[in-house]
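The values are calculated or read from the model by the stated rules, or taken from the named source; none is laboratory data. As the structure is a computational prediction, the values presented were derived from the model and not from experiment. Positions of Cβ are generated from backbone atoms using ideal geometry, with glycine treated the same way; all protein chains shown enter the neighbour counts. Protein only, heavy atoms only, side chains kept; ligands, DNA and RNA dropped before computing areas. Shrake-Rupley method; radii C 1.70, N 1.55, O 1.52, S 1.80 Å.
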Amino acid sequence: MADDTAPPRIEILLVGMNGDLRGKQIPLEAEKKVWDGSVRLPSSTQSLDIWGDDNDDITGLSLSIGDPDGLCIPDRRSLAPMPWAPNGSQQVLSTMHDLDGSPSFMDPRAILAAMLSRYEERGLTPVVATELEFYVVEDDWRETGVPRPPQRLTYRGDPNGFQLYDMTAVDALDDYLQTVRAWAKAQGLPADATTAEFGPGQFEINLLHRPDALAAADDCIYLKRIAEQAARRHGLKSTCMAKPYSDHAGSGLHVHASIIDRNGENVLDAKGKDPAALRSVCAGMLDTMRDAQLIFAPFANSYRRFQPGSFAPVDIDWGFGHRGTAVRIPDQNGPAARIEHRVAGADANPYLLLTAILGGMLLGLDEDLDPGPATQPGEAPSGNRRLTHDFLTAVEDFSASRFICDVFGARYQRLYGDTKRKEAIAHLRTVSDFDYRTYLPRI
């Protein structure tokens, strides 16, 4: 429970490149400085890599230019209580602005807002929902160096005995999941169904559709934080790592999206006819999927999800109701006509993810594109076009893409690509335990 004796606080939060939250804690009695926009952090906060390095030698955005401040401008719509903190504590998401008042080119919320402005100019509004998968593990991972399922999930002596949609798995961690649900409700998150997934201690929580993609991304970020804080409360650890176990399913972040016009009509609704708009929107996403894969799979570990025979797609394809495809059409008629984008891992930054998806959809709206034949239920994917399994290849595809330059801007394309290239090269240079176990005894 929250400490009733500790003073309440407000946390002003920035979303970093890797979907991490950084910011400041401020006593609640001093919250005026939050709302008048006077909270500052170095603008390079938005350029930190997965190790927290500002990489000034490759970006030139830190000490080489004096490490200038940026302004943290709060979005009051995101103000929410923090049930895990002292009573009365609140959190609010902010967008980094340069001192001249313009949004920082590095801020993921600003990047998504710019994409939404393109839709607004056309009189269109994306309607978006996310489905987040994550694992819950024992909290001794720092000592052991590896994750392991919660002990209470042992089923008839088998720690891997739980199955997909298994209600006994939900029951086994019901106290934790009840805390997650209670805190989501306290924050006003539109959380819907909770299901047990394939892996031991793996769960999925669905968030309902929002006619505001920025708010939908905020919901996803807050849900990740709730899952982590609730795990701490129960002596556990939650992780959105894409592939925490080599022999169990990876965790995805699926996105459902439709588009409504000024009259509130779903422009993807085929109305019982040829789904031309849906087809072209699918083609836009498929044609840009390799270029944007670094957004969908932003870390070295992310590429371990893309394995044949898994539910993470490896082919660049689409289909009606086919859960093996990269883009699935759950419905093509009526208000619920939409796409489901199934490529991203749970480790994806939701703001950058939605920017890339909506950018591909917009390409399909502006042009008449052909996605090729749909993969039909009962059919195997064609394998004509495939996602890459290689982190560095994804970096180079991203860095050379005209689509990425247009959607994210040349400066962010360079920053993100250069930062991820450093990570990919560090991964390639690291000799792993697999190397020692396999090659050292035999070669």
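Tabulated results
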{"read-out": "Spans of helices (runs of 4 or more DSSP H) in segment 314-411 with at least 3 residues in contact with a Leu (Cβ under 8 Å, 6 or more places away or on another chain)", "value": "350-366, 391-399"}
{"read-out": "Total residues in segment 51-71, condition in contact with a helix residue (DSSP H, G or I) (Cβ under 8 Å, 6 or more places away or on another chain) and not acidic (Asp, Glu)", "value": "9"}
{"read-out": "Of the criteria (1) touching a strand residue (DSSP E or B) at 6+ places or on another chain (Cβ under 6 Å); (2) closer than 16 Å to GLY16 by Cβ; (3) open to solvent by 50 Å² or more (accessible area, probe 1.4 Å), which one LEU79 fails", "value": "(2)"}
{"read-out": "First in segment 367-388 and within 15 Å of MET285 (Cβ to Cβ) and open to solvent by less than 80 Å² (accessible area, probe 1.4 Å), second anywhere and among the polar types (S, T, N, Q) and part of a loop (DSSP other than H, G, I, E, B), Cβ under 6 Å, 6 or more apart", "value": "THR375/THR325"}
{"read-out": "Segment 390-407 residues that are within 14 Å of PHE299 (Cβ to Cβ), paired with ones that are of a type in the set (A, V, I, L, M, F, W, C) and open to solvent by 10 Å² or more (accessible area, probe 1.4 Å) (beta carbon under 6 Å, 6 or more apart)", "value": "PHE391/ALA300"}
{"read-out": "Enumeration of residues in segment 114-150 that are touching a Lys or Arg at 6+ places or on another chain (Cβ under 6 Å) and in a loop (DSSP other than H, G, I, E, B)", "value": "GLY123, ASP139"}
{"read-out": "Within segment 245-278, tally of residues that are of a type in the set (S, T, N, Q), open to solvent by 70 Å² or more (accessible area, probe 1.4 Å) and touching a residue at least 24 places away in the same chain (Cβ under 8 Å)", "value": "1"}
{"read-out": "Residue list for segment 13-51, restricted to those being part of a loop (DSSP other than H, G, I, E, B) and either over 22 Å from the mean Cα position of the chain (by Cα) or over 18 Å from PRO108 (Cα atoms) (or both)", "value": "GLU31, ASP36, GLY37, SER38, VAL39, TRP51"}
{"read-out": "Pairs where the first residue, in segment 328-348, is touching a residue at least 24 places away in the same chain (Cβ under 8 Å) and under 15 Å from ASN266 (Cα atoms) and the second is aliphatic (A, V, I, L, M) and assigned to a loop (DSSP other than H, G, I, E, B), C-beta under 7 Å, 6+ apart", "value": "GLN332/ALA270; ASN333/ALA270; ALA337/LEU268; ALA337/ALA270; ARG338/LEU268"}
{"read-out": "All positions within segment 53-112 that are in a loop (DSSP other than H, G, I, E, B), touching a Phe, Trp or Tyr at 6+ places or on another chain (Cβ under 9 Å) and touching a residue at least 60 places away in the same chain (Cβ under 8 Å)", "value": "MET82, PRO83, TRP84, PHE105, MET106, ASP107"}
{"read-out": "Flag for ALA129 being small (Gly, Ala, Ser), closer than 30 Å to LEU362 by Cβ, under 19 Å from the mean Cα position of the chain (by Cα) and open to solvent by 40 Å² or more (accessible area, probe 1.4 Å)", "value": "no"}
{"read-out": "Matching residues, segment 3-52, being without any contact (Cβ under 8 Å) to a residue 12 or more places away in the chain and of a type in the set (Gly, Ala, Ser)", "value": "ALA30, GLY52"}
{"read-out": "Any hit, segment 203-215, residues being modelled with pLDDT of 90 or more, in contact with a helix residue (DSSP H, G or I) (Cβ under 6 Å, 6 or more places away or on another chain) and part of a strand (DSSP E or B)", "value": "yes"}
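Matching residues to (1) at pLDDT below 95; (2) crowded, with 19+ Cβ neighbours inside 10 Å:
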site	(1), (2)
ARG22	no, no
GLN25	no, no
LYS32	no, no
ASP36	no, no
SER44	yes, yes
ASP54	yes, yes
ILE58	yes, no
SER62	yes, yes
